[in-house]
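K.L.:
Take this structure first; my questions come after.
The values are calculated or read from the model by the stated rules, or taken from the named source; none is laboratory data. What you are looking at is a predicted structure, and each value in this text was computed from that prediction instead of being measured. As a convention, Cβ positions derive from the backbone with ideal geometry for all residues, glycine included, and neighbour counts pool all protein chains shown.
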Amino acid sequence: MRGALIVVLPFILVACERAATPITDGSGEQLTIERLYGSPDLTGPTARNVQFSPDGSRISFLRAKDNDRTVQDLWAMDVATGEAYLLVDARQLVPEERELTEAEIQFRERSRITSSGVVTYQWDETGAAVLVPLDGDVFYVDVESTQTRRLTETEAFETDAKVSPNGGFVSFIRDQNLWIHDLSTGEERALTTEGGGVISWGMAEFVAQEEMSRYTGYWWSPDDSRIAVARVDESPVMVVERFGISADAVSVSEQRYPRAGTPNALVTLHVIDLGSRGIGEASGDMSEIAEMDLGSNTDIYLSRVNWSESGETLWVQRQNRAQTQWDLLALDPRTGAEDTTRRITEQADTWINLAHDLQTLAGGSLLYLSEQSGFRHIRHVGADGLARDITSGEWVVDSLEAVDEDAGIVWFSGWRDTPLERHLYSVNLDGGEPQRITSGEGRWNVSVGAGGSGFIGTYSDIDTPPNTGLYSIAGERIAWVEENPLNQAHPYAPYLARHVRPEYGTLTAADGQTELHWQMYRPDHCTAATPCPAIVQVYGGPGVQTVTRGWQSLRDQILAQSGYVLFKVDNRGSSNRGHAFEAPLHLRMGILEVEDQLAGLDWLQARDFVDADRVGLWGWSYGGYMTLMTTLQAPGRFAAGIAGAPVTDWALYDTHYTERFMSTPQDNAEGYDAGSVFAHLDGYQTPLLIIHGMADDNVTFDHSTRLFAELQERGQVFEMMTYPGQRHGIRPPPLQTHLLRTQMAFFNRYLRGENNEGNSM
């Protein structure tokens, strides 16, 4: 951002802080599964993808429609007046969106985009217009007049659209090639022409999107003169036949899916010099594209790309295949040559987690996040190559938010006070004691304005649904962007009286010394005199944290208000506790996590308000894997289990994720065998319900079908529910309703002995 944020609003009244304390007195309406997935969203109006305009005069955000929570519109707020208004009505602009392409479906799955309508947008550098991809085309919206110009209208889907930094051009991917549109003339050209089949330009490959959270494959230089672009060759990647089974048809997709230990795509990086070839004369001549030197070893990961402030250096982050070494390369964008004197390298015996927070500074220095101490902290590397840590301690920096070089201040989000709360902090660029800016006992997501002039903050805690405001850099609220008070007008108000508040605490892990955080919902009627059945919800894998003090999923209320004690514990391996907390599962997934979950079960079963003989376990994805591994390794400990979209054999999962923690099947055969569900099937005793989307392109459907076949061969009885046409997430509200009703019916049968057809709540 190059603008200044306006924060002086003397005529806007600052509302008093409010908090809602739900009372579980048994009165009020009963929350139903149908209402949970209905509209409007019970969480209330929530601002998503909140951004400052570059000139600081507006705040933009996505908001779901009141009558359809699955469709999002683009809203804006005038900072000077505090007035919010609808900028882009998705259904008015495009009354009916066309069917998504396979590439767009996969991108949304990888990005965890569950809505339709406006799902992403980008400001131009002046703050005068917003770029909105919608219906497979690209729209340019004047924010003053709200007039919309449709830049493309083709049968092909235009994806990953961006405004160039100086605002003169719009770029996008069409038919696996990089295109550019001149906003002054309306002319568009293909900058690459080779794309098609196994070759793509400017697109992120499967593992980059799914596992590296890199969703783009091209990057503009600051002055609009060059574009760095990745070329992906998927020809070495194995083909996995994926059957897209829908209600009335079957399609077969030959998906390029790099399973652990098999070849990855070949990824190279190039720079297109637009200044030398002329935008209006772009010919697609591939000889005009310079290849960057990523080293002689081609079996690497291109993880991140950043331009220096001057545009004279291309900073490229590279991982080795084993992910035990991370290199930051300084490349000359004209020649592709590396300045080896500026290379930064980090190594680890286990693995290196990627971060998004490299920030180049005007003086030639840079900031990035490093876990070399065992905890993620901010590291400053001067123009002279000398490195020093700006933050330190046994806590985790989550995100680098902004820096003011002139003032010598860095702002960051982190879990410094407790791993259950995320706050905004500031620290001197020279180091020192961080100062906490945000208040409360919950989670903050923030966007700091240019020069630290203020921030947009979204806050929630266990009693407060997400609310978004404009704040001074000292943390004082100036105006609401989306207040979302939990009052009588709130969508959740009718159900507040029955709301069950979560409790928090710690227990000791299976190693006898590590502290684990737990969260529990305990209905009022669950006492020593009337103990209740319980359900343990698990994820258990790295990169995820289930126990926090933010606003919780109201799905939990369905379980608690149905009379179940709901319990969650974050075992070793989960995130925001530091790399030392994650690393013990290295090379042996599915063992240590199970031990910690069983320690949690021991603690739960010792509560006198829990019926120790009626405890169920459920999870999705890694949590589905954990349900299988835990019930199989501890037969009889749980009364029932539900495994959703489970990994069953790590040799079937992708390279970047699996090999980060397990190495390859060739180098860690023992670990892969012990971590496979199939190695533990002799322990099958707990009644199981296995659920999977039949078109899942992440944890492919054969993870479950192979398990189905093996259990059937062994004569074991189990239950299953498959969803035709659905991928890793079950998205449409009617199917989400069906899914939860199916889960409730299963637990009601095995934990309460009810022979019902589903939860009729």
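K.L.:
Working only within the range 132-146, note down all residues that are without any contact (Cβ under 8 Å) to a residue 40 or more places away in the chain, touching an Asp or Glu at 6+ places or on another chain (Cβ under 9 Å) and either surrounded by fewer than 22 Cβ atoms within 10 Å (Cβ to Cβ) or of a type in the set (S, T, N, Q) (or both).
P.N.:
Hits for the range 132-146 are 136, 137.
K.L.:
Every residue in the range 505-516 that is of a type in the set (D, E, K, R) and in a loop (DSSP other than H, G, I, E, B), please.
P.N.:
511
K.L.:
Let me ask something additional. I'm trying to understand the selection: among the residues of the range 58-71, which are more than 11 Å from residue 449 (Cβ to Cβ) and either in a strand (DSSP E or B) or among the polar types (S, T, N, Q) (or both)?
P.N.:
Answer for the range 58-71, where residues must be more than 11 Å from residue 449 (Cβ to Cβ) and either in a strand (DSSP E or B) or among the polar types (S, T, N, Q) (or both): 58, 60, 61, 62, 63, 64, 65, 67, 68, 69, 70, 71.
K.L.:
A further question on this structure: Restricting the search to the range 343-373, which residues are touching a Phe, Trp or Tyr at 6+ places or on another chain (Cβ under 9 Å), over 17 Å from residue 543 (Cβ atoms) and not hydroxyl-bearing (Ser, Thr, Tyr)?
P.N.:
Matches in the range 343-373: 344, 346, 347, 358, 359, 366.
K.L.:
Does the range 715-728 contain any residue that is in a helix (DSSP H, G or I) and not aliphatic (A, V, I, L, M)?
P.N.:
No, that holds for no residue.
K.L.:
Considering the range 485-504 alone, what residues qualify as being farther than 16 Å from residue 558 by Cα, touching a residue at least 60 places away in the same chain (Cβ under 8 Å), not in a loop (DSSP other than H, G, I, E, B) and not aromatic (Phe, Trp, Tyr)?
P.N.:
Answer for the range 485-504, where residues must be farther than 16 Å from residue 558 by Cα, touching a residue at least 60 places away in the same chain (Cβ under 8 Å), not in a loop (DSSP other than H, G, I, E, B) and not aromatic (Phe, Trp, Tyr): there is none.
K.L.:
Also, I was wondering about something else. Taking only the range 71-104 into account, find how many residues are β-branched (Val, Ile, Thr), at pLDDT below 85 and crowded, with 16+ Cβ neighbours inside 10 Å.
P.N.:
Qualifying residue count, the range 71-104: 0.
K.L.:
With the requirement that a residue be small (Gly, Ala, Ser) and crowded, with 21+ Cβ neighbours inside 10 Å, what does the range 470-484 give you?
P.N.:
Correct list: 479 only.
K.L.:
Condition test on residue 158, is it at pLDDT below 95, more than 24 Å from residue 206 (Cβ to Cβ) and either in contact with a Gly (Cβ under 7 Å, 6 or more places away or on another chain) or acidic (Asp, Glu) (or both)?
P.N.:
In short, no.
K.L.:
Follow-up. Scan the range 159-209 for residues that are over 19 Å from residue 274 (Cα atoms) and of a type in the set (Phe, Trp, Tyr) and report the count.
P.N.:
The number of residues fulfilling the criteria is 1.
K.L.:
In the range 103-131, which residues are free of Cβ contacts under 8 Å to residues at least 40 places away in the same chain and either touching a Leu at 6+ places or on another chain (Cβ under 9 Å) or assigned to a strand (DSSP E or B) (or both)?
P.N.:
If the condition is that a residue be free of Cβ contacts under 8 Å to residues at least 40 places away in the same chain and either touching a Leu at 6+ places or on another chain (Cβ under 9 Å) or assigned to a strand (DSSP E or B) (or both), then 108, 129, 131 are the ones that fit.
K.L.:
Please state which one of 392, 413, 439, 373 is outside any loop (DSSP other than H, G, I, E, B) and not aromatic (Phe, Trp, Tyr).
P.N.:
Residue meeting the stated conditions: 413.
K.L.:
Right, residue 468: among the hydroxyl-bearing types (Ser, Thr, Tyr) and either over 26 Å from the mean Cα position of the chain (by Cα) or assigned to a loop (DSSP other than H, G, I, E, B) (or both) or not?
P.N.:
It is false that residue 468 is among the hydroxyl-bearing types (Ser, Thr, Tyr) and either over 26 Å from the mean Cα position of the chain (by Cα) or assigned to a loop (DSSP other than H, G, I, E, B) (or both).
K.L.:
Please tell me if residue 572 is surrounded by fewer than 23 Cβ atoms within 10 Å (Cβ to Cβ) and farther than 28 Å from residue 531 by Cβ.
P.N.:
Working: surrounded by fewer than 23 Cβ atoms within 10 Å (Cβ to Cβ): yes; farther than 28 Å from residue 531 by Cβ: yes.
So residue 572 passes the test.
K.L.:
Now for a different question. Could you list all residues from the range 327-342 that are part of a loop (DSSP other than H, G, I, E, B) and either aliphatic (A, V, I, L, M) or exposed (fewer than 13 other Cβ atoms within 10 Å of the Cβ) (or both)?
P.N.:
From the range 327-342, those part of a loop (DSSP other than H, G, I, E, B) are 332-337, 339; that's our starting set.
335, 337, 339, listed by residue number.
K.L.:
Restricting to the range 153-175, name every residue that is assigned to a loop (DSSP other than H, G, I, E, B) and buried (at least 20 other Cβ atoms within 10 Å of the Cβ).
P.N.:
Matches in the range 153-175: 157, 164.
K.L.:
Which residue, of 207, 237, 267, is outside any helix (DSSP H, G or I) and within 24 Å of the chain's Cα centre (by Cα)?
P.N.:
267
K.L.:
Could you list, in sequence order, the residues of the range 618-634 that are touching a Phe, Trp or Tyr at 6+ places or on another chain (Cβ under 7 Å) and free of Cβ contacts under 8 Å to residues at least 60 places away in the same chain?
P.N.:
Answer for the range 618-634, where residues must be touching a Phe, Trp or Tyr at 6+ places or on another chain (Cβ under 7 Å) and free of Cβ contacts under 8 Å to residues at least 60 places away in the same chain: 631, 632.
K.L.:
List, please: which pairs have Cβ atoms under 8 Å, are six or more places apart or on different chains, and start with a residue in the range 236-248 that is closer than 12 Å to residue 697 by Cβ and end with one that is at pLDDT 85 or above and among the hydrophobic types (A, V, I, L, M, F, W, C)?
P.N.:
Listed by first residue and then by second, the contacts come to 242/695; 242/701; 243/694; 243/695; 243/701; 244/694; 244/695.
K.L.:
If I ask for residues that are of a type in the set (A, V, I, L, M) and part of a loop (DSSP other than H, G, I, E, B), which ones from the range 416-429 would you list?
P.N.:
420, 429
K.L.:
Answer yes or no: is there a residue in the range 670-688 that is surrounded by 17 or more Cβ atoms within 10 Å (Cβ to Cβ), modelled with pLDDT of 95 or more and assigned to a strand (DSSP E or B).
P.N.:
yes
K.L.:
Test of understanding: among 345, 324, which residue is in contact with a strand residue (DSSP E or B) (Cβ under 8 Å, 6 or more places away or on another chain), surrounded by fewer than 14 Cβ atoms within 10 Å (Cβ to Cβ) and either modelled with pLDDT of 95 or more or basic (Lys, Arg) (or both)?
P.N.:
Going through 345, 324 in turn, just one is in contact with a strand residue (DSSP E or B) (Cβ under 8 Å, 6 or more places away or on another chain), surrounded by fewer than 14 Cβ atoms within 10 Å (Cβ to Cβ) and either modelled with pLDDT of 95 or more or basic (Lys, Arg) (or both): 345.
K.L.:
Next question, about the same structure. Based on what the data block shows, is residue 184 under 23 Å from the mean Cα position of the chain (by Cα), over 18 Å from residue 289 (Cα atoms) and not β-branched (Val, Ile, Thr)? So that I can check it myself, show each step before the final result.
P.N.:
Working: under 23 Å from the mean Cα position of the chain (by Cα): no; over 18 Å from residue 289 (Cα atoms): yes; not β-branched (Val, Ile, Thr): yes.
Spelling it out, it is not the case that residue 184 is under 23 Å from the mean Cα position of the chain (by Cα), over 18 Å from residue 289 (Cα atoms) and not β-branched (Val, Ile, Thr).
K.L.:
Further question on the same structure: Are any residues in the range 179-199 free of Cβ contacts under 8 Å to residues at least 60 places away in the same chain and closer than 27 Å to residue 167 by Cβ, and if so, which ones?
P.N.:
Selection gives 179, 181, 183, 184, 186, 188, 195.
K.L.:
Same structure again: Identify, by number, the condition in (1) part of a loop (DSSP other than H, G, I, E, B); (2) farther than 29 Å from residue 396 by Cα that residue 574 doesn't meet.
P.N.:
All conditions pass for residue 574, except number (2).
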